[in-house]
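Okay, so here's the structure we're looking at.
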Amino acid sequence: MRRDHLNSWLLATPLTIILTVFLILPILLIVAVSFWTADEFSFRPDFQFGNYEYLLGSAVAWKVFGLTMLMTGIVWALTLVIGFTVAYFLAFHVRTLKWQMVLFLLTTIPFWTSNIIRMISWIPLLGKNGLVNQTLIGAGLIDQPIEWLLYSSFSVCLAFVHLYTLFMVVPIFNTMMRIDKSLIEAARDAGANGFQILTNVILPLTKPGIMIGSIFVVALVMSDFVTTRFMSGSQLANVGRLISNDVGLLQYPSAAATSVILLITVLLIIGAMLRIVDIRKEL
């Protein structure tokens, strides 16, 4: 038993070292720097709560956090609906495994290119003289270009949905493929209609995939600042942009404090999700 116990520790040691060096130590360093003192020309090691007091007492910071949470909620809902629909179609309406894999790979083709390229590709479509406005004007549906299509909250959320929907499709599709089809046949034989099968059989069994996809999407959207910058024309800011701006101004303690608050917020959201669905038990 002692030998087995020792072997278990030896097997876990490499992963423990990697996580400690590349995950735990950087987070501890960020937390430590968040208590340092900074001025216009330098920053020095110290232990004070000035960075957190300024951040939590700033109306602008609260507004930015609120906007970040709002956009995250919208993007999460849209990616969930789209991801669930695509995964459901692939898992239950495509009959052969060959075509399921082919269609699934087709959904991943746009993700073979850079995020920046896929994001910027929306600009010539949504601009004042872009394809969408020109098409609507040519069809006589509008007289003037729609300005809020680009450099607005709409364009930011649209880009987020485009960039991160695959992170919802993959875990949901993987979970649906593991559902025993005999359960659906049994429900149908018992007189359940399509909606009842969806809500009482498929949806409960897909909860682990939904939670995994939700964790990916929430974490990615809340930390992404490049998409917000480009697609809003620098008119909107999220928490990631606050951190980026502080780093650009060499205000590392303030950036570290904002990062800690963002990390705590994301962990609380993920913790709430895991309270709803225990992924380890469901899987």
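The values are calculated or read from the model by the stated rules, or taken from the named source; none is laboratory data. Please read all numbers here as calculations on a predicted model, not as lab measurements. Cβ sites come from the backbone with ideal geometry, for glycine too, and all protein chains shown count toward neighbours.
Some observations on this one:
- The residues of region 113-147 that are surrounded by fewer than 16 Cβ atoms within 10 Å (Cβ to Cβ), of a type in the set (Val, Ile, Thr) and part of a helix (DSSP H, G or I), listed by number, are Ile116, Ile117, Ile120, Thr135, Ile137.
- Test: residue in region 65-83 that is of a type outside the set (S, T, N, Q), within 29 Å of Gly248 (Cβ to Cβ) and exposed (fewer than 11 other Cβ atoms within 10 Å of the Cβ): yes
- Taken together, the residues in region 171-197 that are crowded, with 21+ Cβ neighbours inside 10 Å and of a type in the set (Phe, Trp, Tyr) amount to 1.
- Any hit, region 174-191, residues being modelled with pLDDT of 85 or more, touching a Ser or Thr at 6+ places or on another chain (Cβ under 8 Å) and either polar (S, T, N, Q) or outside any helix (DSSP H, G or I) (or both): yes
- From Gly57, Gly66, Gly50, Gly73, residue being in contact with a strand residue (DSSP E or B) (Cβ under 8 Å, 6 or more places away or on another chain), within 30 Å of Ser234 (Cβ to Cβ) and free of Cβ contacts under 8 Å to residues at least 24 places away in the same chain: Gly50
- Qualifying positions in region 228-250 - within 21 Å of Pro26 (Cα to Cα), crowded, with 19+ Cβ neighbours inside 10 Å and polar (S, T, N, Q): none
- Residues that are part of a loop (DSSP other than H, G, I, E, B) and touching a Phe, Trp or Tyr at 6+ places or on another chain (Cβ under 6 Å) within region 239-257 are absent altogether.
- Taking (1) surrounded by 13 or more Cβ atoms within 10 Å (Cβ to Cβ); (2) part of a helix (DSSP H, G or I) in turn, Asn200 satisfies each apart from (1).
- Condition broken by Leu90, with the remaining ones in (1) in contact (Cβ under 8 Å) with a residue 24 or more places away in the chain; (2) closer than 30 Å to Ala237 by Cβ; (3) among the aliphatic types (A, V, I, L, M) satisfied: (2)
- Residue within region 212-220 that is under 20 Å from Pro26 (Cβ atoms) and at pLDDT below 90 present: no
- For region 213-227, taking the residues that are closer than 21 Å to Asp246 by Cα and either touching a Pro at 6+ places or on another chain (Cβ under 7 Å) or polar (S, T, N, Q) (or both), the one that is surrounded by the most Cβ atoms within 10 Å (Cβ to Cβ) is identified as Thr227.
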